[in-house]
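Written below as structure tokens is the structure these notes are about.
Just so it is clear, none of the values below were taken in a lab; they were calculated from the coordinates. Every value quoted in this text rests on a predicted model; they were computed, and no experiment measured them. All Cβ positions, glycine included, derive from the backbone under ideal geometry; neighbour counts span all protein chains shown.
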Amino acid sequence: MFYRDFIEYHNDRFLDFSLLIFKDDILIAVFPANKDDNNVYSHQGLTYGGLILSDEIAFKDVLLAYKELLMFLNEKGINQLYIKLLPKIYHTLPSDEMNYLLFKSKAELTRRDLTSVIDAKYKLHVQSTNRKRGLKKAISHGLKVKEVNNFEDFWNTILIPNLKKTHNTNPVHSLLEITHLKSKFPNNIRQFNVYHEDSIVAGVTVFDTKHVAHVQYISANDDKQKLGSLDFLFQHLINDIFKNKKYFDFGISNVNQGQQINKGLLSWKESFGARTIVHEFYKIDTKNYVELNSAFV
């Protein structure tokens, strides 16, 4: 999701301010970002962000990269930097350098979301009678799961009507945008639909990364309890399609900038064996780059 083609699909919404950080002409870090007034943000068009590091980089160079980032922004008259960290399940290597450096630069935690994740190595046996009952219903109704290359049925028949009815809103991605992203990243943007007697009854849009299958959209029609459509779909995704991924990420269950939790949604995700990790957001005064001078003894 950090490819330029992924970021630019919504360049009309954000003033891009993404930065590259080099050491001796070698790229060591990337900071996807956008800007407004005197603030810079981890790109607000991306679910996750932060300082994206080269696999070869050591702590001392992470410190230098972060310090240079703050100094550069401060010199440009940017007073505040807002960073959303990349959750640990998306790390390719152990990488908590930024957690320490945010502490050292007196960053303020502004938001913390809960994300529900299944670890493939320690997959819990599903105990929920509701999930088991739903799966039996789905089998008895002859439901079928298909991966499709178009999004029109799911967007127009299921997703948009549900979001309008429940939240009076639209998907973050329009049908045109998600179709465009699929054309750019055909192996990473995947759509799975559930059908009952050839009619779509549920669907899921998955962002498929190297180690993680991230669920971007989940939705079903009003018969989901009667048919067990989502139980059937997720059993198939978790245990068949994405069984070799390190993690299956259901996404967040928070509202109101992390201050509240959708209890029912969280409980539903946990009933599949998912457990909680956090997604953190910080605010940093760019002048605090000076605090990093005393990091080493």
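Where the alpha-carbon atoms of segment 1-144 are placed on the principal axes, they occupy 65, 36, 30 Å, in descending order. In this structure the amide hydrogen of Gln216, modeled in the peptide plane, comes within under 5 Å of the amide hydrogens of Thr205, Val206, Phe207, none closer than 5 places in sequence on its chain.
Express the relative contact order of the chain as a whole percentage, based on alpha carbon pairs under 8 Å and six or more residues apart in sequence.
Details: 510 pairs, mean separation 77.9, N = 297.
Reported relative contact order: 26 percent.
The DSSP beta bridges internal to the chain are antiparallel in roughly 90% of cases.
I need the semi-axes of the equivalent ellipsoid of segment 116-200: take the C-alpha gyration tensor, multiply each eigenvalue by 5, square-root it, list largest first in whole angstrom.
Gyration-tensor ellipsoid for segment 116-200: 26, 18, 16 Å.
Packing, as the average of other Cβ atoms within 10 Å across residues, places the peptides 30-39, 140-149 in the order 30-39, 140-149, highest first. Of the residues His279, His91, His43, the one that moves most in a GNM of the chain with alpha-carbon contacts below 10 Å is His91. Highest mean packing first, where packing is the average number of other Cβ atoms within 10 Å per residue, the peptides 68-81, 205-218 line up as 205-218, 68-81. Build a GNM of the chain with springs between Cα atoms under 10 Å apart, and of Arg112, Arg133, Arg275 the one that fluctuates most is Arg133.
Length gained on full extension, Asp16 to Leu93: 24.9 nm, using 0.36 nm per residue less the C-alpha separation.
Label zone of Val278 (point 7 Å out along Cα→Cβ, amide N under 12 Å): in segment 105-136 this covers 109-115.
Ranking Gly45, His173, Gln257 by how far each Cα lies toward the positive end of the dipole of the chain (charges on Cβ) leaves Gln257 at the top. Taking Lys and Arg as +1 and Asp and Glu as -1, the other residues whose beta-carbon sits under 15 Å from that of Asp222 total +4. For the peptides 174-187, 221-234, the ranking by packing is 221-234, 174-187, with the highest mean count of neighbouring Cβ atoms within 10 Å listed first. Percent of C-alpha pairs per 10 Å bin in segment 166-263, short distances first: 13, 40, 39, 7, 0. Segment Thr110..Thr179, full-extension length gain: 21.5 nm, with 0.36 nm per residue of separation and the alpha-carbon distance subtracted.
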